[in-house]
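Take a look at the structure set out below.
Only the coordinates and a few stated rules stand behind these numbers; no lab work does. Quick caveat, the model's predicted, so the values are computed rather than measured. When we count neighbours, we look across all protein chains shown, and the Cβ atoms used for this are built from the backbone with ideal geometry, even at glycine.
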Amino acid sequence: MARTVFAVCLFALWTATPSAAQEYSDIVNAITALDTKVTTLLKSINKTVSTCCQASGSCGDQEWKLAFRGTAGVRQSVLTAYKDSTFGSKPVESGCKQVGQNLPCASHYRNNDILDNWSGVSEVAFVIYKNNVKVKQVIFDGSGTNYLNWFDKARVKDSSWIDMKTSSANYFSIDGHQDPVLRRTFFMSQAYGTCPNDVGWFVAVDSNGGCPWEQNSGIPMLKYSTSDSKMNWNAATIGQADYFAVLVRRFNVPS
């Protein structure tokens, strides 16, 4: 409304005096120059605030957003779906874009908007679900990360497994252990023991591997420790998750 009134006043000024056209042009140029300076200043302020937020760990946006959902038994590679932007362009059921809801889902879900534009992330939640109920989670420090390297044991802030932060690990990454035989993705492995004594916290098995514990018709398998610490993958009580979710929370900096 204020801009409309201002424009009317300028038009009246322009029609009222011979030199009004030049005055009008000067005013418009001045306003344009001022707008440019204000925009530049705001960008500079936002950049400084973002840097301070990431350094201090404050300014967190409380809203968690779903970046990826990996679903068991859908005959699709978890690793490929997570890394490949073309996968995120494919239509999926609405149930795949949600967690904690009893809705049909026969695919993984990749949120390209988040994974392909990974910036300003403050925290990442890795959450495991069974019967649409959260059973385990790990919270990672996301500051200064990209969409792959946030999944790092050194970045664990909190975990359902009480020994995770203090235990050693032979594999702890999204790529996990990949070779011609093994496809162990989002792998949280504490140690190998020639199959019978392999122990860890979570693994997405993308194809049947060399050990008995990673062979199943329902690929991918999402195996997790049901205790409050690492478990032997061969244990009778090892968990089989229905899906897992990667959720992000960004630093709350105005754009």
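Okay, here's what the table says:
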read-out	value
Dipole in debye (nearest 20) - the stretch 123-217, about Cα centre, beta carbon charges: Lys, Arg +1; Asp, Glu -1	240 debye
Kirkwood Rh and Cα Rg combined as Rg over Rh, evaluated for the stretch 65-148	0.95
At R0 = 51 Å, FRET efficiency that the Cβ-Cβ distance of Ile27 and Asp242 yields, to 0.05	0.20
Gained length - Asn208 relative to Glu93, 0.36 nm times residue gap less alpha-carbon distance	38.8 nm
Dipole axis of the stretch 121-223 (+1 Lys, Arg; -1 Asp, Glu on Cβ), positive-most option in His177, Val138, Gln215	Val138
Spherically averaged projected area of the stretch 105-255 from its Cα convex hull (nm²)	9.6 nm²
Cα-based Rg of the stretch 154-215 normalised by 2.2 N^0.38 Å, two decimals	1.12
Peptides ranked, highest mean first, by Cβ atoms within 10 Å: ranges 92-99, 161-168, 243-250	243-250, 92-99, 161-168
Cα-projected label distance for Lys37 with Ser217, points at 7 Å along beta-carbon direction, nm	7.4 nm
P(r) of the stretch 107-147 over all Cα-Cα pairs, binned every 10 Å from zero, in whole percent	25, 44, 29, 2
Full-stretch length increase - Asn197, Ser229 - with 0.36 nm per residue and alpha-carbon distance subtracted	10.0 nm
Computed Kirkwood radius, in angstrom, where 1/r is averaged over Cα pairs of the stretch 105-193	14.5 Å
Distance (nanometres) between label positions extended 7 Å along Cα→Cβ at Gln101 and Asp84	2.6 nm
